[in-house]
Amino acid sequence: MMKQKHRKKEPLFRISKNGFVPLYKAWAIRIGALLLALVVCAFIIYSITKLNPLKVYGTMFQGAFGTNKRMWVTIRDTMMLLCIGLGLAPAFKMRFWNIGAEGQVLVGGIASAACMIYLRGKMSATAVLPIMFVCSMLAGAIWGFIPGYFKAKYGTNETLFTLMMNYIAIQLTSYFVALWENPYGSNTVGIINSRDKFGWFPPIFGQMYGLNVIIVLVLVVLIYVYLNYTKQGFEISVVGDSENTARYCGIDVKRVIIRTMIISGAICGIAGFLAVAGAGHTISVSTAGGRGFTTIIVAWMAKFNSFVMVLFSSLLVFLEKGAMEIASRYQLSDYVSNMIIGIILFFILGSEFFINFKVRLRQRFTKDKSQ
Amino acid sequence: MRKEPYLEQNVAIRMVDITKRFADVVANNKINLEIRFGEILALLGENGSGKTTLMNMLSGIYMQDSGAIYVKGERITIKDPHDAYSLHIGMIHQHFKLVEVLTAAENIILGLNETRLIDLKNVREQVKKICDRYGFVVDPDKKVYDMSVSEKQTLEIVKVLYRGADILILDEPTAVLTPQETDKLFVVMRNMKADGKSIVIITHKLHEVMEISDRVAVLRKGEYIGDVLTSQTDPQKLTDMMVGRSVTLNIDRPEPVNPKESLVVKNLGVKDINGVKKLENVSFTAYTGEILGIAGISGCGQKELLEAIAGLHKLEPGSSIMFYPRGNKEEGEDLAGQSPIDIKHKGVHLAFVPEDRLGMGLVGNMNIPDNIMLKCYDQGKSPFTNKKKPRQQAIEIIHDLEIVTPGLRTPIRRLSGGNVQKILVGREISSDPYLLMTAYAVRGLDINTSYTIYRLLNEQKKKGTAVIYVGEDLDVLLELCDRILVLCSGRVSGIVDGRTAKKEEVGLLMTHFKEETA
Amino acid sequence: MNQFISLFQASIVFGTVILFGAVGEILTEKSGNLNLGVPGIMYLGSIASLIGVFYYERYVENPIPIVCILIALVCAIIASMLGGLLFSFMTITLRCNQNVMGLAFNIFAGGFANFYGGSLNKLAGGVGQINVLATSAAFRTKIPSYQSLGPFGHLFLSYGFLVYLAIFLAFAISWFLTRTTVGLNLRSVGENPATADAAGINVTKYKYVSTCVGAAISGLGGLYYVMDYMKGTWDSDGSIEGLGWLAVALVIFASWKAPRAIWGSYLFGMLSWAYFYIPELTRSSQEIFKMLPYIVTVLVLIVVAYQHKPDNQPPNALGLPYFREDR
């Protein structure tokens, strides 16, 4: 039926699974990929700007850390990214694809903004912050609970569910923006309470973003401890690895899913609180600004380890700020930073392959003596 | 001295010095094997001896790391299944390679691309021709998910024949069949042989080897031991070749001491998600200090029975599972309708070694202490886990059961199957259970580990634990268990005494030849 | 009546964008590859076609409509196929997680498209200024004298050819998947790659080709978006991204059956524009109405999961990488 001559060649590449890879080697591969990515980006930057790429990277460094203020903005944005990543970690460790961080951040932000607007004059500026904190957390928790509930109850596809929740949150934000519009006709909320700074984070040690850093670093430790040393964290790992095992050893899988999504959403809600009260002092559909998606990659690459997440989110924000500096210095569009980040992500994601698999080139075949 | 391959007229396939590694494990080490025209070759070996791996290199699933393959004297490279088919080699895998949502006919023409459009009429005709020639029955329009196991296997064979295979490899084809179905399969195999086809049957069942094969090749732990003509050997010699030393299945069987009713199951019924009855009207009693064996063809409800007792299934109304810890009538608990959490919280010391070790009993990505912790992580009021005790326990289990592991922190999926099973059994026993249930506890384990497991079960028995042992090897069941309950299609077809019952008797019960006794 | 006609027309225009996206994604997902990068693919398709015809219209005195169309099509298809190729390489060859790769791809492609879109805007003299008039007009050429057929003409014949191409593609893909042997092989790859592999099907090749061709079809959605929906202008507000995600949702809505995606997409279009045709909505309550398509998708997700019909399930191996020697 099928007659054909046989090629006597092996395929060019042979791939096999790697056994145990020592940690240092794995990190060497990752860092190698990052460097390679920077080289590729250098070429792209060169082809667009015709500038010495090394100089451009110097510019990037300046953009991120050049002045005290810039450095603090970099830190603030890192904290924001990190906070969302911390929120995603429990969900993803449970293998729950929560790509709805964007929406959870937004509803948290709406809650904060609402407090700032409606509670003004009704209480002291210090008392309102804890209330805002709790409200944002609750709002995020509700946004996490809904997809979690339906996943636990009916096995609904969580990826798309959480995604749709993003868009519902975006429309909700638009609704409130229209409601709170200031000045009229601008289609923005403007800076809320710009005069008395009611509901704004107070400067700590003279630093405007000091409180952001404190809140997020506390969360880093909390989440690390929660995932690694508590019973609930243990349950999350078991459910994530095998629901059957979880059921077998008496874990209430549904409860764990719902509980974890509430926690996940609540922390993302806190990120919304940071964004509104601690950074932008306004609310708009771009308050989350795509970070909900970027952080998934951060959390994924860090294997949900909070401390490694600090590293990755710093790296991403550094690249973003640096690339934006290049853009403004050389009159390019801001979007060039997304392009560069995308390329770097490709390299880092791709590098995992070389950790998990061994690649061997075709071996020289002994010439067919048998013929 | 080895002859030049191309000089041998009657050799269909010759494999020379084949080596294959998986990560750190050598699955096949310098194996030489020949398959001749028109013979039935049995490839014999224990589980994990590398039989399937070797054959997968002929079917194009794997590629050898070194060594050469000659087909009809010509050196060839089989880089994928497509190459295998064009060399007229076809393999029927143990886990069927069928697409569930497609029909039989669609599965048969998968990947062939003989016509642009799907021409079912032509396929039906050809399938009928093949069926008539060798004595199969296949409905080309039936969806695979509606088929029984033996129908699926038949479909696999037809599929391979449709592709013009004249060298057929069957991987453990009888594992899932009833004796009657096995007989039918053997008839078909003889028909194919008469038609000039070469057949390789992978198996570890000696009586089948003796019945069907012309020649036997034996593998042991990835090494080629040798080959003999079936007519010149006997089961004892083959066992010696297969396990390396002569083995008498001398399993200890202490007399039960003061047996008391421990688990009384009445009218147990279970349906799966699709509403198909998996267990019906199952009633039996397990006593303290005895091992109750459960026998049956695979998929007859053994798994569901143990899972139902452990609280993992919804029971049909009327089911009752009374449990008397240590046979104490006053502390009786009805486990029916209880979830695993309820059972755990009631303090019922129930230990369960499930069939799917890494998918249910353990977590592959966790290390040994964390896996030990699975069962007891929620003890105490503190919100934090206590890692000290499981760690200590892990060290004890590793020591007691001689578990080979690079360290405490190694994820257990990196360990061998035997070590994984020892961890699981070790953990379950360490909870001092009143009831110990094991499903296929020795599947895939080497002989030494198997004996360790038997020893552990007997220790529990002597302690007065009620032990339930679901097994597939009748010889073991008959030497280990005090009584044997036989399941057939989800019903109890009989309960026999392990000391007096004959193998044939159990075999008949498994296929329901005797009228129900329960 | 006029209101209804205009709502209907708006729905079809909106629906066509996501129909292309969904039909392409159905083809991709049938091979077991879950490409969440559809928004990115649509970004690439739209910007590439825009760049292509922008330069053509700029340097040619009298652009010929058919050449405009060809240039736009070729650019969109090539760019989105390259995107699909990148995605395939990362997920099939390097076995990255498909979800993560899809998201990273969206970041990259969004940046890429908006970067060049911004540059084009600057070249053309401001946002909303890149009018590739000739091309947009060519794409919006309607069937002559459709008006003479009354409401029927207005409802069904008043669109550019891409609308009909999208419908045609939906049926063609469905026919291909169910009637041809290659389609059968493709389905088996998505259901059970190990089986397909053992049957001699080149799993890698099938996944690559279906992902790239799927991307090309999704990319046409981007082309249609920029040429017809946006009438030949570029706006970096990210609305194409939202449409791309709706296309992914539509695949589930249609339960992996392309013909179902046709009416599904128009329904989505109708829900999206409903607010515009409901009288006496304030600006803020309009925003609430714009949630409709997303809420409906969520409801569909719940109902589909609740019913759990075997016919409506995703391909069995969707989202999983395949490595032959896995064990």
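For this structure, a couple of remarks:
- Charge dipole magnitude, Cβ of K and R +1, D and E -1 - segment B:250-405, Cα centre, debye nearest 20: 440 debye
- Ranking of A:235, B:396 by neighbouring Cβ atoms within 10 Å, starting from the fewest: B:396, A:235.
- Estimated from the Cβ-Cβ distance and a Förster radius of 45 angstrom, the FRET efficiency linking residue B:267 and residue B:205 is about 0.80.
- The distance from the alpha carbon centre of segment B:455-505 to that of segment A:304-353 is 63 Å, rounded to a whole number.
- Sequence-distant aspartates and glutamates (8 or more away, or on other chains) whose Cα lies within less than 13 Å of residue C:30: C:191
- Formal net charge of residues neighbouring residue A:285 (Cβ-Cβ distance under 15 Å; K, R +1; D, E -1): -3
- Packing, as the average of other Cβ atoms within 10 Å across residues, places the peptides C:9-20, B:404-415 in the order C:9-20, B:404-415, highest first.
- Dividing the mean sequence gap of close Cα pairs (under 8 Å, 6+ apart) by how many residues segment A:80-302 holds gives a relative contact order of 45 percent.
- Evaluated on segment C:113-163, the Kirkwood hydrodynamic radius is 13.0 Å, with distances taken between all distinct Cα atoms.
- Selected from C:263, C:222, C:286, residue furthest toward positive end of dipole (segment C:207-316; charges at beta carbon): C:263
- Mean separation of Cα contacts under 8 Å (6+ apart) over length of segment B:5-243, as relative contact order %: 28 percent
- Calculated mean residue ellipticity, 222 nm, chain C: -23500 deg cm²/dmol, from DSSP H runs (n ≥ 4) at -39500 (n - 2.57) each, averaged per residue and rounded to 500.
- With helices as the sole contributors, chain A gives -23000 deg cm²/dmol at 222 nm; each DSSP H run of n ≥ 4 counts as -39500 (n - 2.57), and the sum is divided by every residue.
- Over the residues of chain B, the helix contribution to mean residue ellipticity at 222 nm works out to -9000 deg cm²/dmol, using -39500 (n - 2.57) for each DSSP H run of at least 4.
- A protection proxy built from the mean count of other Cβ atoms within 10 Å ranks the segments C:203-214, C:166-177, C:34-45, C:106-117, most packed first, as C:34-45, C:106-117, C:203-214, C:166-177.
- Placing unit charges on the Cβ atoms only, positive for Lys and Arg and negative for Asp and Glu, gives segment B:382-518 a dipole magnitude near 840 debye about its Cα centre.
- Note that segment A:80-302 carries a Kirkwood radius of 17.6 Å, evaluated over its alpha carbons pair by pair.
- Whole-number D in µm² s⁻¹ for the protein assembly as shown, Kirkwood Cα-pair radius fed into Stokes-Einstein, 10 °C, 1.306 mPa s: 47 µm²/s
- For the listed peptides B:377-385, A:225-233, B:37-45, a ranking on the average number of other beta carbons within 10 Å per residue, highest first, reads B:37-45, A:225-233, B:377-385.
- Pairwise FRET efficiency - residue C:61 versus residue A:193, Cβ, R0 = 60 Å, nearest 0.05: 0.55
- Local electrostatic count, residue A:162, Cβ distance below 11 Å [Lys/Arg +1, Asp/Glu -1]: -1
- Pairwise centroid distance, computed over Cα atoms, of segment C:215-238 with segment C:281-297, Å: 23 Å
- The count of lysine pairs in segment A:80-302 that are at least 8 places apart or cross chains, and whose C-alpha atoms lie under 21 Å apart, stands at 8.
- Peptide-level mean, for C:274-285, of C-beta atoms on other protein chains within 10 Å: 2
- Unit charges on C-beta of K, R, D, E only; dipole of the protein assembly as shown, Debye: 2600 debye
- Selection from A:107, A:121, A:273 lying farthest towards where the dipole of segment A:80-302 points positive, charges on Cβ: A:121
- Bins of 5 Å from zero: percent of alpha-carbon pairs in segment B:5-243: 1, 6, 14, 18, 20, 17, 12, 7, 4, 1, 0
- If a spin label sat at a point 7 angstrom from the Cα of residue C:6 along the line to its beta carbon, the backbone N atoms of segment C:249-274 nearer than 17 Å would be those of C:270-274.
- When the charge dipole of segment A:80-302 is built from unit charges on Cβ atoms (+1 for Lys and Arg, -1 for Asp and Glu) and taken about the Cα centre, the candidate among A:186, A:263, A:171 whose Cα reaches farthest toward its positive end is A:263.
- Converting phi to 3J(HN,Hα) with the Karplus coefficients 6.51, -1.76 and 1.60 and the offset θ = phi - 60°, segment B:404-416 yields 8, 8, x, x, 5, 8, 6, x, 6, 5, 7, 8, 6 Hz in sequence order, with x at every glycine or proline.
- For chain B, the relative contact order works out to 14 percent when only alpha carbon pairs closer than 8 Å and six or more residues apart are counted.
- With 21 Å as the limit, the listed pairs B:79/C:207; B:129/B:184; A:17/B:72; B:266/B:329; B:344/B:381; B:51/B:502 have A:17/B:72; B:51/B:502 beyond it between alpha carbons.
- Counted charge near residue C:111, where neighbours are those whose Cβ lies closer than 13 Å (Asp, Glu -1; Lys, Arg +1): -3
Each reported figure results from applying straightforward, stated rules to the coordinates on display, with no laboratory input. Values in this document were obtained by computation on a predicted structure and should not be read as measured data. Note that we place each Cβ from the backbone using ideal geometry, even for glycine, and neighbour counts take in every protein chain shown.
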